[in-house]
Amino acid sequence: MVNLAFSIGDLHFKNPVLTASGTFGNGSEFDDFLDVSRLGGIVLKGTTLEPREGNLYPRMAETPSGMLNAVGLQNKGIDYFEKFIYPRILNYNTNIIVNINGSYIEDYIALAERINRLEKISAIELNISCPNVKMGGMAFGTNLASAREVTREVRSVYSKKLIVKLSPNVTNIVDFARVVEEEGADSISLINTLLGMAVDVVNMKPSLSTVTGGLSGPAIKPVALRMVWQVANAVKIPVIGMGGIMSASDALEFLLAGASAVQIGTASFIDPQASVKILEGIENYLIKKGFSDLKEIVGYINRDN
(Lines give C-alpha, C1' and ligand atoms only; values in the text may rest on other atoms or scores of the structure.)
Protein backbone atom coordinates (compact mmCIF):
# COMPACT_ATOMS: atom_id res chain seq x y z
CA MET A 1 0.00 0.00 0.00
CA VAL A 2 1.15 3.51 -0.85
CA ASN A 3 0.12 6.49 1.26
CA LEU A 4 -0.96 9.19 -1.19
CA ALA A 5 -2.38 11.58 1.40
CA PHE A 6 -1.35 15.17 1.97
CA SER A 7 -2.67 17.90 4.24
CA ILE A 8 -3.19 21.63 4.39
CA GLY A 9 -2.95 22.16 8.13
CA ASP A 10 -5.63 19.95 9.64
CA LEU A 11 -7.48 19.54 6.35
CA HIS A 12 -6.65 16.10 4.98
CA PHE A 13 -6.75 15.00 1.35
CA LYS A 14 -6.82 11.34 0.35
CA ASN A 15 -4.49 11.96 -2.58
CA PRO A 16 -2.71 14.85 -4.35
CA VAL A 17 -4.85 15.09 -7.49
CA LEU A 18 -7.38 17.92 -7.64
CA THR A 19 -9.21 19.50 -10.54
CA ALA A 20 -8.55 23.07 -11.64
CA SER A 21 -11.28 25.67 -11.45
CA GLY A 22 -13.08 26.41 -14.69
CA THR A 23 -12.18 23.10 -16.32
CA PHE A 24 -14.33 20.68 -14.31
CA GLY A 25 -17.57 22.60 -13.96
CA ASN A 26 -19.08 21.85 -10.58
CA GLY A 27 -18.21 18.17 -10.62
CA SER A 28 -21.56 16.72 -11.66
CA GLU A 29 -20.75 17.34 -15.33
CA PHE A 30 -18.16 14.55 -15.05
CA ASP A 31 -20.27 11.98 -13.19
CA ASP A 32 -20.79 9.96 -16.39
CA PHE A 33 -17.04 9.66 -16.92
CA LEU A 34 -15.50 8.97 -13.51
CA ASP A 35 -16.10 8.62 -9.78
CA VAL A 36 -15.40 12.17 -8.64
CA SER A 37 -14.94 10.95 -5.06
CA ARG A 38 -11.75 9.14 -6.07
CA LEU A 39 -9.99 12.48 -6.39
CA GLY A 40 -8.28 14.33 -3.57
CA GLY A 41 -10.54 17.28 -4.18
CA ILE A 42 -12.38 19.31 -6.79
CA VAL A 43 -12.11 23.05 -7.26
CA LEU A 44 -15.43 24.31 -8.53
CA LYS A 45 -15.96 26.79 -11.34
CA GLY A 46 -15.25 30.40 -10.37
CA THR A 47 -18.09 31.98 -8.41
CA THR A 48 -18.88 35.69 -8.12
CA LEU A 49 -21.28 37.67 -5.95
CA GLU A 50 -23.60 38.58 -8.83
CA PRO A 51 -24.31 36.59 -12.03
CA ARG A 52 -21.88 37.17 -14.90
CA GLU A 53 -22.57 36.59 -18.57
CA GLY A 54 -18.88 36.42 -19.40
CA ASN A 55 -17.22 37.90 -22.45
CA LEU A 56 -18.60 38.00 -25.98
CA TYR A 57 -17.89 35.18 -28.43
CA PRO A 58 -15.45 34.07 -29.74
CA ARG A 59 -13.79 33.42 -26.41
CA MET A 60 -11.74 30.29 -27.00
CA ALA A 61 -8.99 29.66 -29.52
CA GLU A 62 -6.68 26.72 -30.12
CA THR A 63 -2.94 27.45 -30.14
CA PRO A 64 0.13 25.26 -30.68
CA SER A 65 0.32 22.95 -27.65
CA GLY A 66 -2.39 24.84 -25.82
CA MET A 67 -5.48 26.99 -25.87
CA LEU A 68 -6.52 30.55 -25.17
CA ASN A 69 -9.67 31.34 -23.24
CA ALA A 70 -11.48 34.57 -22.47
CA VAL A 71 -14.65 33.13 -20.94
CA GLY A 72 -14.68 35.90 -18.36
CA LEU A 73 -15.86 33.96 -15.29
CA GLN A 74 -19.34 33.26 -16.60
CA ASN A 75 -21.45 31.96 -13.70
CA LYS A 76 -24.88 32.44 -12.10
CA GLY A 77 -23.69 34.00 -8.85
CA ILE A 78 -23.59 32.93 -5.22
CA ASP A 79 -27.38 32.89 -4.70
CA TYR A 80 -27.79 30.34 -7.49
CA PHE A 81 -24.80 28.39 -6.20
CA GLU A 82 -26.28 28.05 -2.72
CA LYS A 83 -29.73 27.09 -3.98
CA PHE A 84 -28.99 24.77 -6.88
CA ILE A 85 -25.33 23.73 -7.06
CA TYR A 86 -24.47 23.20 -3.40
CA PRO A 87 -27.18 20.53 -2.87
CA ARG A 88 -25.81 18.55 -5.83
CA ILE A 89 -22.31 18.21 -4.39
CA LEU A 90 -23.22 17.12 -0.87
CA ASN A 91 -22.77 13.41 -1.65
CA TYR A 92 -19.21 13.67 -2.95
CA ASN A 93 -16.74 11.99 -0.62
CA THR A 94 -13.88 14.37 -1.29
CA ASN A 95 -12.83 17.90 -0.44
CA ILE A 96 -14.89 20.57 -2.18
CA ILE A 97 -13.15 23.90 -2.80
CA VAL A 98 -14.88 26.99 -4.19
CA ASN A 99 -12.91 29.38 -6.37
CA ILE A 100 -14.06 32.93 -5.62
CA ASN A 101 -13.63 36.06 -7.71
CA GLY A 102 -14.53 39.71 -7.42
CA SER A 103 -14.20 43.13 -9.01
CA TYR A 104 -13.66 44.77 -5.62
CA ILE A 105 -12.27 43.62 -2.28
CA GLU A 106 -15.75 43.96 -0.80
CA ASP A 107 -16.95 41.31 -3.28
CA TYR A 108 -14.36 38.82 -2.05
CA ILE A 109 -15.24 39.54 1.58
CA ALA A 110 -18.97 39.04 1.01
CA LEU A 111 -18.38 35.79 -0.88
CA ALA A 112 -16.05 34.43 1.79
CA GLU A 113 -18.61 35.19 4.49
CA ARG A 114 -21.36 33.40 2.57
CA ILE A 115 -19.26 30.33 1.79
CA ASN A 116 -17.93 30.16 5.34
CA ARG A 117 -21.42 29.08 6.41
CA LEU A 118 -21.55 26.12 3.99
CA GLU A 119 -20.46 23.06 5.94
CA LYS A 120 -19.52 20.89 2.95
CA ILE A 121 -17.06 23.43 1.53
CA SER A 122 -13.59 22.57 2.86
CA ALA A 123 -11.75 25.64 1.56
CA ILE A 124 -11.88 28.57 -0.79
CA GLU A 125 -9.42 29.30 -3.56
CA LEU A 126 -8.96 33.05 -3.68
CA ASN A 127 -8.58 33.87 -7.35
CA ILE A 128 -6.55 37.08 -7.64
CA SER A 129 -5.03 36.03 -10.92
CA CYS A 130 -7.59 35.77 -13.72
CA PRO A 131 -6.31 37.50 -16.88
CA ASN A 132 -9.55 37.60 -18.85
CA VAL A 133 -11.86 39.85 -16.87
CA LYS A 134 -11.97 43.60 -17.23
CA MET A 135 -12.18 44.38 -13.51
CA GLY A 136 -10.66 42.64 -10.51
CA GLY A 137 -8.95 39.32 -11.13
CA MET A 138 -5.41 39.90 -12.29
CA ALA A 139 -5.44 43.50 -11.05
CA PHE A 140 -5.18 42.14 -7.50
CA GLY A 141 -2.68 39.44 -8.40
CA THR A 142 -0.14 41.68 -10.12
CA ASN A 143 0.10 44.37 -7.45
CA LEU A 144 1.78 43.42 -4.19
CA ALA A 145 -0.16 45.87 -2.05
CA SER A 146 -3.48 44.72 -3.51
CA ALA A 147 -2.59 41.04 -3.11
CA ARG A 148 -1.69 41.68 0.51
CA GLU A 149 -4.88 43.61 1.24
CA VAL A 150 -7.35 41.22 -0.36
CA THR A 151 -5.72 38.21 1.33
CA ARG A 152 -5.75 39.94 4.73
CA GLU A 153 -9.38 41.02 4.41
CA VAL A 154 -10.63 37.60 3.31
CA ARG A 155 -8.59 35.89 6.03
CA SER A 156 -10.27 38.09 8.65
CA VAL A 157 -13.75 36.77 7.77
CA TYR A 158 -13.04 33.22 6.61
CA SER A 159 -12.36 30.55 9.25
CA LYS A 160 -11.58 27.52 7.07
CA LYS A 161 -8.67 26.84 4.75
CA LEU A 162 -7.63 29.66 2.46
CA ILE A 163 -5.80 28.84 -0.78
CA VAL A 164 -4.56 31.82 -2.80
CA LYS A 165 -4.17 31.35 -6.56
CA LEU A 166 -1.28 33.33 -7.99
CA SER A 167 -0.79 34.94 -11.38
CA PRO A 168 2.29 34.13 -13.47
CA ASN A 169 2.04 37.55 -15.13
CA VAL A 170 4.41 39.21 -12.65
CA THR A 171 8.11 39.95 -12.45
CA ASN A 172 8.87 37.99 -9.27
CA ILE A 173 6.35 35.31 -8.26
CA VAL A 174 8.16 34.69 -4.96
CA ASP A 175 7.33 38.18 -3.70
CA PHE A 176 3.62 37.50 -4.10
CA ALA A 177 3.86 34.07 -2.49
CA ARG A 178 5.56 35.49 0.58
CA VAL A 179 3.03 38.32 0.88
CA VAL A 180 -0.03 36.05 0.86
CA GLU A 181 1.69 33.65 3.27
CA GLU A 182 2.34 36.56 5.64
CA GLU A 183 -1.32 37.53 5.47
CA GLY A 184 -2.62 34.13 6.48
CA ALA A 185 -2.91 31.94 3.38
CA ASP A 186 -2.92 28.26 4.31
CA SER A 187 -1.76 27.18 0.85
CA ILE A 188 -0.79 28.64 -2.52
CA SER A 189 -1.93 27.38 -5.91
CA LEU A 190 -0.12 28.31 -9.10
CA ILE A 191 -0.02 29.07 -11.90
CA ASN A 192 -3.10 30.60 -13.44
CA THR A 193 -3.02 31.12 -17.18
CA LEU A 194 -0.43 33.24 -18.96
CA LEU A 195 -1.64 36.32 -20.79
CA GLY A 196 -1.56 35.70 -24.54
CA MET A 197 -3.30 36.37 -27.84
CA ALA A 198 -3.84 34.98 -31.32
CA VAL A 199 -4.75 36.54 -34.66
CA ASP A 200 -7.12 35.09 -37.29
CA VAL A 201 -5.16 35.79 -40.48
CA VAL A 202 -7.99 34.69 -42.78
CA ASN A 203 -10.42 37.24 -41.36
CA MET A 204 -7.63 39.62 -40.36
CA LYS A 205 -8.81 40.17 -36.78
CA PRO A 206 -8.05 38.92 -33.25
CA SER A 207 -9.11 35.34 -32.56
CA LEU A 208 -10.73 36.39 -29.27
CA SER A 209 -13.38 39.07 -28.77
CA THR A 210 -11.25 40.47 -25.94
CA VAL A 211 -8.06 40.36 -28.06
CA THR A 212 -6.06 38.85 -25.19
CA GLY A 213 -6.88 35.86 -23.00
CA GLY A 214 -5.43 33.17 -20.80
CA LEU A 215 -3.04 30.63 -22.28
CA SER A 216 -3.16 27.11 -20.83
CA GLY A 217 -2.07 23.62 -21.83
CA PRO A 218 1.31 21.94 -22.40
CA ALA A 219 2.89 25.13 -23.78
CA ILE A 220 2.97 26.73 -20.32
CA LYS A 221 4.30 23.77 -18.32
CA PRO A 222 7.98 24.79 -18.23
CA VAL A 223 7.03 28.24 -16.92
CA ALA A 224 4.60 26.80 -14.39
CA LEU A 225 7.13 24.24 -13.19
CA ARG A 226 9.80 26.88 -12.71
CA MET A 227 7.47 29.09 -10.69
CA VAL A 228 6.22 26.22 -8.53
CA TRP A 229 9.83 25.26 -7.78
CA GLN A 230 10.67 28.84 -6.84
CA VAL A 231 7.66 29.25 -4.56
CA ALA A 232 7.98 25.84 -2.90
CA ASN A 233 11.51 26.79 -1.89
CA ALA A 234 10.42 30.19 -0.56
CA VAL A 235 7.36 29.47 1.62
CA LYS A 236 6.50 27.06 4.42
CA ILE A 237 2.88 26.41 3.46
CA PRO A 238 1.87 23.70 0.96
CA VAL A 239 2.04 24.54 -2.72
CA ILE A 240 -0.45 23.17 -5.25
CA GLY A 241 1.01 23.11 -8.75
CA MET A 242 -0.76 23.40 -12.07
CA GLY A 243 -0.12 24.46 -15.63
CA GLY A 244 0.05 22.12 -18.59
CA ILE A 245 -0.25 18.86 -16.66
CA MET A 246 -1.43 16.33 -19.23
CA SER A 247 -0.02 13.06 -17.83
CA ALA A 248 1.21 11.40 -14.66
CA SER A 249 4.76 12.18 -15.73
CA ASP A 250 3.89 15.89 -15.90
CA ALA A 251 2.31 15.75 -12.45
CA LEU A 252 5.34 13.97 -11.03
CA GLU A 253 7.60 16.75 -12.26
CA PHE A 254 5.63 19.22 -10.15
CA LEU A 255 5.72 16.96 -7.10
CA LEU A 256 9.45 16.36 -7.41
CA ALA A 257 9.95 20.11 -7.74
CA GLY A 258 8.18 20.77 -4.44
CA ALA A 259 4.42 20.81 -5.00
CA SER A 260 2.44 18.90 -2.38
CA ALA A 261 -0.43 18.39 -4.82
CA VAL A 262 -1.47 19.21 -8.37
CA GLN A 263 -4.53 20.48 -10.20
CA ILE A 264 -5.56 19.08 -13.57
CA GLY A 265 -7.04 21.64 -15.97
CA THR A 266 -6.95 21.68 -19.76
CA ALA A 267 -6.30 17.92 -19.88
CA SER A 268 -9.90 17.31 -18.77
CA PHE A 269 -11.17 18.98 -21.95
CA ILE A 270 -9.27 16.42 -24.02
CA ASP A 271 -9.91 13.39 -21.83
CA PRO A 272 -12.63 13.64 -19.15
CA GLN A 273 -10.90 10.83 -17.24
CA ALA A 274 -7.49 12.52 -17.26
CA SER A 275 -7.47 13.29 -13.52
CA VAL A 276 -8.12 9.69 -12.48
CA LYS A 277 -5.56 8.35 -14.98
CA ILE A 278 -2.97 10.78 -13.62
CA LEU A 279 -3.76 9.66 -10.06
CA GLU A 280 -3.27 6.02 -11.03
CA GLY A 281 -0.02 6.88 -12.78
CA ILE A 282 1.37 8.62 -9.70
CA GLU A 283 0.53 5.61 -7.54
CA ASN A 284 2.14 3.18 -10.01
CA TYR A 285 5.28 5.33 -10.13
CA LEU A 286 5.65 5.29 -6.35
CA ILE A 287 5.22 1.52 -6.27
CA LYS A 288 7.71 1.01 -9.09
CA LYS A 289 10.27 3.25 -7.41
CA GLY A 290 9.81 1.56 -4.04
CA PHE A 291 8.33 4.55 -2.19
CA SER A 292 5.64 3.97 0.43
CA ASP A 293 4.58 7.58 0.99
CA LEU A 294 3.92 10.50 -1.33
CA LYS A 295 5.89 12.79 0.98
CA GLU A 296 9.07 10.93 0.08
CA ILE A 297 9.09 12.46 -3.40
CA VAL A 298 7.73 15.95 -2.70
CA GLY A 299 10.63 18.33 -3.32
CA TYR A 300 12.95 15.40 -4.01
CA ILE A 301 15.10 17.33 -6.50
CA ASN A 302 15.91 19.92 -3.85
CA ARG A 303 17.48 17.44 -1.43
CA ASP A 304 20.96 16.00 -1.22
CA ASN A 305 19.93 12.50 -2.28
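Against the condition within 28 Å of Arg59 (Cβ to Cβ), at pLDDT 95 or above and in a loop (DSSP other than H, G, I, E, B), how does Val133 come out, does it pass? Judged against the criteria, Val133 is not a match. For segment 178-200, filtered to residues that are more than 21 Å from Leu215 (Cβ to Cβ) and without any contact (Cβ under 8 Å) to a residue 60 or more places away in the chain, the residue that is surrounded by the most Cβ atoms within 10 Å (Cβ to Cβ) is Val180.
Please work out which residue is nearest to the chain's Cα centre (by Cα), limiting yourself to segment 167-182 and to residues that are part of a loop (DSSP other than H, G, I, E, B) and under 11 Å from Leu144 (Cβ atoms). The extreme case among them is Val170.
When Phe81 is tested against (1) more than 17 Å from the chain's Cα centre (by Cα); (2) under 24 Å from Ile240 (Cβ atoms); (3) surrounded by fewer than 17 Cβ atoms within 10 Å (Cβ to Cβ), only condition (3) is not met.
Of the residues Arg59, Arg117, only one is under 27 Å from Arg148 (Cβ atoms), surrounded by fewer than 22 Cβ atoms within 10 Å (Cβ to Cβ) and basic (Lys, Arg); which? Quick ask: steps written out before the conclusion?
Details: Arg59 fails: under 27 Å from Arg148 (Cβ atoms).
One residue alone meets the criteria, Arg117.
Within segment 230-279, if we keep just the residues that are under 17 Å from Val298 (Cα atoms) and among the charged types (D, E, K, R), the residue that is farthest from the chain's Cα centre (by Cα) turns out to be Lys236.
Taking segment 247-285 as the range and being more than 26 Å from Ala234 (Cβ to Cβ), out of contact with any strand residue (DSSP E or B) (no Cβ under 7 Å at 6 or more places or on another chain) and not acidic (Asp, Glu) as the test, the residues that pass are Ser247, Ala248, Ala267, Phe269, Ile270, Pro272, Gln273, Val276, Lys277, Gly281, Asn284, Tyr285. Figure legend. Inter-residue proximity from segment 118-145: first residues within 14 Å of Ile191 (Cβ to Cβ) and among the charged types (D, E, K, R), second residues part of a loop (DSSP other than H, G, I, E, B) and modelled with pLDDT of 80 or more, beta-carbon distance below 9 Å, spacing 6+ or different chains. Indicated pairs: Glu125/Ser21.
Close contacts from segment 265-284, counting a first residue that is aliphatic (A, V, I, L, M) and a second that is surrounded by fewer than 17 Cβ atoms within 10 Å (Cβ to Cβ) and assigned to a helix (DSSP H, G or I), with Cβ to Cβ under 8 Å and a gap of 6+ residues or different chains, come to Val276/Arg38; Leu279/Arg38.
Inspection of segment 157-166 identifies at least one residue that is surrounded by fewer than 20 Cβ atoms within 10 Å (Cβ to Cβ), of a type outside the set (D, E, K, R) and within 18 Å of Val98 (Cβ to Cβ). Against the test of being of a type outside the set (A, V, I, L, M, F, W, C), within 17 Å of Phe24 (Cα to Cα), modelled with pLDDT of 95 or more and surrounded by 20 or more Cβ atoms within 10 Å (Cβ to Cβ), the options Ser260, Ser275, Ser247 yield a single qualifying residue, Ser275. Out of Leu195, Leu225, Leu215, Leu190, one residue alone is at pLDDT below 95 and under 21 Å from Thr171 (Cβ atoms). It is Leu195. The one condition from (1) in contact with a Lys or Arg (Cβ under 8 Å, 6 or more places away or on another chain); (2) surrounded by fewer than 16 Cβ atoms within 10 Å (Cβ to Cβ); (3) under 20 Å from Asn26 (Cα atoms) that Ser209 does not meet is (3).
For segment 9-22, a residue qualifies if it is within 20 Å of Leu255 (Cβ to Cβ) and modelled with pLDDT under 95, but none of them does. Of all residues in segment 201-225, those satisfying the criterion of being assigned to a strand (DSSP E or B), touching a residue at least 12 places away in the same chain (Cβ under 8 Å) and either farther than 23 Å from Lys165 by Cα or not hydroxyl-bearing (Ser, Thr, Tyr) (or both) are Gly213, Gly214, Leu215. Per this entry, Ala139 is counted among residues that are part of a helix (DSSP H, G or I) and either modelled with pLDDT under 90 or more than 18 Å from the chain's Cα centre (by Cα) (or both).
The values are calculated or read from the model by the stated rules, or taken from the named source; none is laboratory data. Here the structure is a predicted model, which means the values were calculated and not measured. Neighbour counts run over all protein chains shown; Cβ positions are idealised from the backbone, glycine included.
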